[in-house]
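Below is one structure, written out as structure tokens, with a few remarks after it.
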Amino acid sequence: MADTSSQYEDGGAGIRTFPFPVDLSVLGVGMQVGPMEAGRGWHLGEQIERVHRIDFHVVLLFRGGPAGHTPVRHMIDFDEYEAGDGEILWIRPGQVHRFSAAADYRGTALIMQPGFLPRATVEATGLYRYDLPPLLRPDPAQLTALEDSLAQLEREYVDTGTLPLSLHTAVLRHTLTAFLLRLAHLAAGAADTAHEQADSTFTRFRQAVEKGFATNHSVSAYADALGYSRRTLVRAVRAATGETPKGFIDKRVVLEAKRLLAHTDMPIGRIGAVVGFPDAANFSKFFTQHTGTTPVAFRAELR
């Protein structure tokens, strides 16, 4: 995903972004894993129910709790997800989210910096598949395997005395990769053969949109830049997402506009310019058409 945390900084008006927390006990390691509370250290005393975003990955595996434990409701990019026992939430860098203040978060939290793993592993595990849903529901066999893998990762993480830091970090990378490969397989499990065949084309399109959505809303321009016919692009995007390329682009533009409206104090006209609408009236019309509410009303409702 494009780095938007610095892109929108404007005298403190940018989206509230929390950096990866420094763990002095394992200095230099770009990940942390442990009981659910350990994954909330990036708040630095802030109220956990405040909306914010992070510049690292968060994986929350919900486990334990009393009988009849109420599922946790967690907001990710303006959608509410209800996660129960044995289910997983995967929050990626740049996504805005909010903890439910009244919820009982129990289980294991894994957080990791984007640069902790090599590029080949990042691609193999789909760390930036923003098109996949954050909520994962493993079956019993998958859950057992994921828990075993995560438990091994936690054991390696806390074992700081048997290896020098360089080897400790290497072992963590390998163990983390094993867990993420299982997680990625679960996340992509619903993909059918057509999706897999279209994936290369769709992945290139998705990456291009992520880099260019703020200035380029043209399907034909993306097709030309990627070397595909418009028909090929339409077929690939439909197979992967069920929507048109234009719909995919517009959805990404709307998401960024919502983020900025909800979590910055930027004037609405400037937000429109940031997402590719120099004319404020055109931006307002576009936003209303896709959300059913005006930018002003959307901002007021959330605040």
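The values are calculated or read from the model by the stated rules, or taken from the named source; none is laboratory data. Not measured: the values here are computed from a predicted model. Note: ideal-geometry Cβ built from the backbone for every residue, glycine included; neighbour counts use all protein chains shown.
Observations on the model:
- Among residues of region 231-250 being charged (D, E, K, R) and at pLDDT 95 or above, the one that is surrounded by the most Cβ atoms within 10 Å (Cβ to Cβ) is Asp250.
- Test result for Leu163, outside any helix (DSSP H, G or I) and assigned by TED's automatic domain parsing to the domain that holds Arg53: yes
- Filter result for His217 (of a type outside the set (Phe, Trp, Tyr), outside the structural domain of Val122 (by TED's automatic domain parsing) and in contact with a strand residue (DSSP E or B) (Cβ under 7 Å, 6 or more places away or on another chain)): no
- Verdict on Val296 being among the β-branched types (Val, Ile, Thr) and closer than 21 Å to Lys246 by Cβ: no
- Contact map, region 27-56: first residue under 16 Å from Ile76 (Cβ atoms) and surrounded by fewer than 16 Cβ atoms within 10 Å (Cβ to Cβ), second residue small (Gly, Ala, Ser) and at pLDDT below 80, Cβ cut-off under 6 Å, separation 6 or more or different chains; pairs are Glu49/Ala101.
- Residue in region 58-102 that is modelled with the highest pLDDT, counting only those that are more than 18 Å from Arg137 (Cβ to Cβ) and not in a loop (DSSP other than H, G, I, E, B): Met75
- Members of region 213-224 that are within 26 Å of the chain's Cα centre (by Cα) and part of a helix (DSSP H, G or I): Val219, Tyr222, Ala223
- On inspection, Leu146 passes the criterion of being in a helix (DSSP H, G or I) and either of a type outside the set (Phe, Trp, Tyr) or in the same structural domain as Asp279 (by TED's automatic domain parsing) (or both).
- The set of residues from region 152-177 being surrounded by 13 or more Cβ atoms within 10 Å (Cβ to Cβ), in contact (Cβ under 8 Å) with a residue 12 or more places away in the chain and not charged (D, E, K, R) comprises Gln152, Leu153, Tyr157, Thr160, His168, Thr169, Val171, Leu172, Thr175, Leu176, Thr177.
- Hey, Tyr228 surrounded by 19 or more Cβ atoms within 10 Å (Cβ to Cβ), among the hydroxyl-bearing types (Ser, Thr, Tyr) and free of Cβ contacts under 8 Å to residues at least 60 places away in the same chain or not: no
- Some residue of region 197-205 being in contact with a Lys or Arg (Cβ under 9 Å, 6 or more places away or on another chain) and free of Cβ contacts under 8 Å to residues at least 40 places away in the same chain: yes
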